[in-house]
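The values are calculated or read from the model by the stated rules, or taken from the named source; none is laboratory data. Not measured: the values here are computed from a predicted model. Ideal geometry is used to build each Cβ from the backbone, glycine not excepted, and the neighbour counts take in all protein chains shown.
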Amino acid sequence: MVAAGHIRSALSADATLTVRLAGDIDDDITGDLRTMLVDSIMRRRSPRIVVDVSAVTALTPGAIGTLRAARDVATDVHLVLVVQPAGAVVGEELRRNGLFAPDGTRPGVPAVPRQAVRSG
């Protein structure tokens with residue numbers, strides 16, 4: 001039996017947006033996720049976005065692509081988007097795609113704001 005996917009969000013007092021995904025994240029849910037993340041990054045400018053995938057049982061390639069693109073765009077506009085925590089199967093898939101590190105940082109990238117990095 002496939003667990004139906006769903007998405008919920010909550011905004012905290014410090015303006016952190018938490019997006020909670022659960023079940024099998026299919027293309028329909030991915031479309032809703034994309035819309036929510038674009039609105040949060042480009043219109044609301046939420047300074048920190050946490051995508052909680054602890055209850056996710058499966059992700060489509062489109063969902064992974066959406067998370068990667070959102071993380072990259074958030075970084076470009078000096079916002080933070082982290083994916084956490086993840087169960088064993090989904091967590092491994094996210095690690096392979098450069099989206100998940102246990103400490104919430106982007107694997108292989110120092111936790112330094114982009115504006116602080118200077119080229120030689």
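So Ala15 clears everything in (1) more than 18 Å from Gly98 (Cβ to Cβ); (2) out of contact with any Pro (no Cβ under 6 Å at 6 or more places or on another chain) except one condition, right? Which one?
(2) is the only condition that Ala15 fails.
Of the residues Asp103, Asp14, only one is at pLDDT below 90, in a loop (DSSP other than H, G, I, E, B) and among the charged types (D, E, K, R); which?
Step by step, each of Asp103, Asp14 is checked, and only Asp103 is at pLDDT below 90, in a loop (DSSP other than H, G, I, E, B) and among the charged types (D, E, K, R).
Looking only at region 1-33, how many residues end up being farther than 19 Å from Glu93 by Cα and of a type outside the set (A, V, I, L, M)?
Going through region 1-33 one residue at a time, the tally reaches 10.
For region 20-52, what are the residues that are assigned to a loop (DSSP other than H, G, I, E, B) and surrounded by fewer than 19 Cβ atoms within 10 Å (Cβ to Cβ)?
Passing the criteria: Asp26, Arg45, Pro47.
Identify the residue in region 60-94 that is modelled with pLDDT under 90 and not in a helix (DSSP H, G or I) and, among all such residues, is surrounded by the most Cβ atoms within 10 Å (Cβ to Cβ). Before you say what the answer is, go through the steps one by one.
Keep residues of region 60-94 that are modelled with pLDDT under 90, which gives 82-94.
Cutting the leftovers down to not in a helix (DSSP H, G or I) gives us 82-87.
Values: Val82: 18, Val83: 27, Gln84: 18, Pro85: 12, Ala86: 21, Gly87: 13.
Selected residue: Val83.
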